[in-house]
Amino acid sequence: MPIHATKQFRQRYLNDMSEESFLGFPRVSIERAENRLHDENELSVAYFSMEFGLAPSIYHQFQTDQPNSRENKFTAHRVFSNLRAMDSYHEIQIDKVLDIPIYSGGLGVLAGDTLKSAADLGVSLVGIGILWNKGYFKQNFWFESGQMPEELRWDPASYPGLIPLDHVIRISFEHDTIHLRLWKYYIYSYDLEHVIPLVLLDSNVEENGDDKDIRRNLTDQLYRSDNAWWKIMQRSILGIGGMVALRELGYSINKFHLNEGHAALAFVEKAKEQDPTMFGALRKSFAYTCHTPVEAGHDRFNFDELEKILNKDLMNIIKSFGMDPKHKNVVNLTTLAMNTCQYINAVAQKHGEVTRLQFPKFEDRIQTITNGVHTFTWISEPIVKLLKHFQEKIGDWQKDPTMLVHVEQLRDNVDFRRALWQAHMENKRELARILRGWFFDADTFTIAWARRIANYKRPSLILQDVNRLLEISRKVGKLQIIFAGKAHPNDDLGYTFINEMLKRIDSLADYRDTIKIFMLENYDTYFGKLLTSSVDVWLNNPLPPFEASGTSGMKAILNGVIQLSTLDGWVVEAKDRNIGRIFGYVPPDGYIGTEADLHLEEDSRKLYDTLEGLVKLFYDSFSGTEVRLDSEWIDMMINCISTSGFFSTHRMVSEYNETIWKKK
Ligand SMILES: *Cc1c(COP(=O)(O)O)cnc(C)c1O
């Protein structure tokens, strides 16, 4: 048995595990994957990430009769709307398992999707992450107060499929030793033939002292940013602890892939045992993906602060490779990663250009591999049924999602066009059922904005001028707008956005007959899938060029949901495909500008004009009882699905594999 689970775990799942089965999934796939990772002749990859969004609530949930703790379910989400009375009578009731709460947003979801596609493609890979004992946080909205974060509680020990291992590793610091329990979670491929083990590190163990010992809380909350010490410890656990864990588990790894700079200390840990003349060779086994052009996205620490925590042998290497070029006595984890990883990539073509401008010293080595999403996680059931029905024309898209480009060939097929609209309406009616307490209407034009609430993403853009919104809804047709998203608890600007949005939504309380606005609490992958598959238009309005990629729009096009977007991130690569409407400010070539200048007024005006055109097209195409099958709307829906084949992690992981992981 290759799973070194604790005795409690084995007893708990006695009836769910046999020679053949692991909680309802084939056991043999685990054994095969573990053997490959131990085999020195196999090229294997370790993929480090601070967060992983695995979404078992919507894909590949483990089966067990064992009771799951109530804390591991999420059954009620509140809504803030301009139908205020309804908000106190109703909650969104969904009986679903909580996502393993070890992610905050797109970066984590991408990491999860990457592991899933690596499994689908049979890559020998292990994920390294952290078991966040208190997740990210639970979100509450209060009118006049905005977002009130609450500590999230969940129970890893009873979470289906999450395995505590017997292994407890130790990492030593200048004045301290930290013990970390290893956990595992297996990510199965679509056909269940392969798995990717994800190893999670957890400091909440007795060896670190009693309940109150701060060391036990180091892995409590994702992106805790109380102070530098806390941040350094969390990054050390991922990078250094991750390296020690791989050794402890006996994995033979050829490539260490750092998803963001958080894990940059992994190289340092590996290098400390080696002669400096070998660093060049070692660099070839490291890869780094940069995910942001936003300044605050790069981790910087005061050298003296780091020196107090990390051992001298580590500090010497950090001094050689990690000093910030612009600030004195500052260590920059992005610099460290770029200096120590042979392979560096940005996550969309446009982001590649921006990253080369920001880091000219590494220009020649910065390549681009555009992000994607895991098709089978994000595609909705009605669309799956539709595509299966027309499989002959499309090809085996379930083996290779890039085949979706062939949906193009169904453009003139009237049956397909009708069935596509019907599939969309089926999704939308499900959303109407969930929001029935607020009289959501499936025949009304619906647009959604849902993602992390961050400054450059401009969450409130569409609410800049509510009178203009009212004018559109009166002149052209009724509107429904849905928002969802969390702001980092220390992000004051994010709080301000939420507050302002709640106020503007409330100001439309008297106009609910022409316009309904809903803001959903606790955006997660379940809502991510629900919304990206069931609204008519997906709104994406980041300030260019600060959205490195963005992925929620990729989920939307996969489900035939039209885009209303600024020209940034992945959208730049799809701009000629007519997948919706593009609007807004575009920075001049070679110019990055600043996040502080949000162009809110100018871009909101452009947004309203473009929106008005789209709403008109919608109501011209769809009367509530009848749909015009020859309309441009349906053409755009087809363009969306055929474009989505490219924006899949299947294509993305194949590129990683060919251009980085397989390289000797
Ligand atoms: C897809 C997804 C994201 C990423 O959205 P962006 O458009 O890339 O900002 C964030 N959160 C959740 C829950 C998601 O499912």
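The values are calculated or read from the model by the stated rules, or taken from the named source; none is laboratory data. For clarity, every value in this text was computed on a predicted model and none was experimentally measured. Please note: Cβ atoms are built from the backbone with ideal geometry, for glycine as well, and neighbour counts cover all protein chains shown. We work out accessible area using only protein heavy atoms, side chains counted, and drop any ligands, DNA or RNA first. Shrake-Rupley method; radii C 1.70, N 1.55, O 1.52, S 1.80 Å.
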- Query: If you check residue 556 against the conditions, is it farther than 21 Å from residue 386 by Cα, touching a residue at least 60 places away in the same chain (Cβ under 8 Å) and crowded, with 19+ Cβ neighbours inside 10 Å?
  - Reply: no
- Message: If I filter segment 361-375 for residues that are under 28 Å from residue 657 (Cα atoms), touching a strand residue (DSSP E or B) at 6+ places or on another chain (Cβ under 9 Å), among the hydroxyl-bearing types (Ser, Thr, Tyr) and more than 16 Å from the ligand (Cβ to nearest atom), do I get at least one hit?
- Response: yes
- Task: Go through segment 494-540 and give me each residue that's among the charged types (D, E, K, R) and within 14 Å of the ligand (Cβ to nearest atom).
- Result: 521, 524, 529
- Between a first residue in segment 616-639 that is within 23 Å of residue 471 (Cα to Cα) and surrounded by 15 or more Cβ atoms within 10 Å (Cβ to Cβ) and a second residue that is modelled with pLDDT of 95 or more and aliphatic (A, V, I, L, M), which pairs have beta carbons less than 7 Å apart while being 6 or more apart in sequence or on different chains? 616/476; 619/476; 633/617
- State whether one or more residues within segment 276-293 are touching a strand residue (DSSP E or B) at 6+ places or on another chain (Cβ under 7 Å), of a type in the set (Phe, Trp, Tyr) and more than 15 Å from residue 231 (Cβ to Cβ). yes
- Item | Tally of residues being open to solvent by 40 Å² or more (accessible area, probe 1.4 Å), closer than 21 Å to residue 141 by Cα and in a loop (DSSP other than H, G, I, E, B) across segment 493-522 | 2
- Query: Scanning segment 433-451 for residues that are part of a helix (DSSP H, G or I) and more than 16 Å from residue 512 (Cβ to Cβ), which turns out nearest to the ligand (Cβ to nearest atom)?
  - Reply: 434
- Enumerated helices (runs of 4 or more DSSP H) restricted to segment 209-274, each holding at least 3 residues that are open to solvent by less than 20 Å² (accessible area, probe 1.4 Å) and under 21 Å from residue 322 (Cα atoms): 228-236, 265-271
- Message: Among the listed residues 478, 428, identify the single one that is basic (Lys, Arg), at pLDDT 95 or above and open to solvent by less than 20 Å² (accessible area, probe 1.4 Å).
- Response: 428
- Taking the stated definitions as given, is residue 93 over 15 Å from the mean Cα position of the chain (by Cα), open to solvent by 20 Å² or more (accessible area, probe 1.4 Å), away from the ligand (no atom under 13 Å from the Cβ) and farther than 30 Å from residue 479 by Cα? no
- Flagged in segment 452-478 as within 16 Å of the ligand (Cβ to nearest atom) and of a type in the set (A, V, I, L, M, F, W, C), in numbering order, are 453, 454, 461, 462
- Message: Could you check segment 578-603 and list, in sequence order, the residues that are closer than 29 Å to residue 634 by Cβ and either part of a strand (DSSP E or B) or not hydrophobic (A, V, I, L, M, F, W, C) (or both)?
- Response: 578, 580, 581, 582, 584, 603
- strands (runs of 3 or more DSSP E) enclosed by segment 1-109 - at least 1 residues per element that are of a type in the set (A, V, I, L, M, F, W, C) and more than 30 Å from residue 258 (Cβ to Cβ): 73-77, 79-81, 92-97
- Where residues in segment 559-573 are more than 14 Å from the ligand (Cβ to nearest atom) and assigned to a helix (DSSP H, G or I), which of them is surrounded by the most Cβ atoms within 10 Å (Cβ to Cβ)? 572
